[in-house]
1. When ranked by the protection proxy of mean other Cβ atoms within 10 Å per residue, highest first, what sequence do the peptides 232-245, 171-184 form?
2. How high is the FRET efficiency between residue 102 and residue 197 when r is their beta carbon distance and R₀ equals 35 Å, given to the nearest 0.05?
3. For a quick check: with amide H placed at 1.01 Å from N, whose amide H comes under 5 Å from residue 182's, ignoring anything fewer than 5 positions away on the same chain?
4. Report the residues of region 209-246 in range of a label on residue 15: point 7 Å along Cα→C-beta, backbone N strictly under 19 Å from it.
5. For volume of the Cα convex hull per residue in Å³, the choices are (i) 164; (ii) 116; (iii) 147; which was calculated from the structure?
6. Quick query: amide H of residue 138 versus all other amide H atoms, modeled in the peptide plane; which residues come in under 5 Å with a sequence gap of 5 or more or a different chain?
7. Among DSSP beta bridges whose residues both lie in the chain, state the antiparallel percentage, nearest 5.
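Every read-out reported here was derived from the displayed coordinates using simple, explicitly stated rules and does not represent laboratory data. From a predicted model like this one, the values you see are computed outputs, not experimental measurements. Positions of Cβ are backbone-derived with ideal geometry, glycine not excepted, and every protein chain shown enters the neighbour counts.
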Amino acid sequence: MTAMLGMYDLPHLQAANNRFWATIRSCLNTGPDTLERSRDFWDIWRDPGMVFAQTCGMPYRTALHGHVHLVGTPDYGLPGCPPGYYNSVLVARADAPGDTMADFSGQRFAYNEAVSQSGWAAPATHAAKTGTVFGAYIPTGAHIASAKAVADNNADIAAIDALTWALICECEPWASHLREVERTDPTPGLPYITSLANDPVHIRTAVEQAIAMLSEADRAALHLQGLVVIPQDTYLAVATPPPPPA
């Protein structure tokens, strides 16, 4: 059996995530003792022994739906988003000119990976609407690395998911060198999933109980406000743009 909460698992959040999983496991009365932090995400998501994990909307709709159960979507109380939804924050250096994404046409765009809803799909859809074409597309492997690339002048603008942006602002001093340019339209957030071997309703109940049982400090650190049910069809209806240019 395996469990993973790696989507929002910055070093300062690992202890809170450990306690969250321990509480879920106690409510379930089953599952691995500890969270998995060493295996590839795709390997975990496809593991028949996966009890609980969090994925991204784009991997879910392009590859995982039909192979996993949706458990529910955490609500992080993000500004301008319905419960359980999120969006991408376009960030640039604080001293860079430009008030919209379109003002950065021809410049260097950093994104975490091509299968990310918030790092690629949402900003690519937004760019198509605004006629924005970047001069270079720089994959970084992680949202925090994309933001750091902009702060270090290795890129000019990046798309960071709204919760990660909030967490970066809370814990990284170099975030003060960045500013928000604009945000994309909200889309369904990062869902919790389980393998087809498990009962998603049973796990959903355990997660709801665990969120209620967390300390106020852990709920605040994780920005967890509750769990919502977003239908599969809502995830599948989100547009999937072409991949970034090589």
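1. Descending packing order for the listed peptides: 171-184, 232-245.
2. Result of the calculation: an efficiency of 0.15.
3. Excluding prolines and chain starts, which carry no amide H, the hits are 90.
4. Those under the cut-off are 214-224.
5. For volume of the Cα convex hull per residue in Å³, the calculated option is (ii).
6. Result for residue 138 returns 109, 110, 111.
7. Taking every DSSP beta bridge within the chain, about 70 percent pair in antiparallel fashion.
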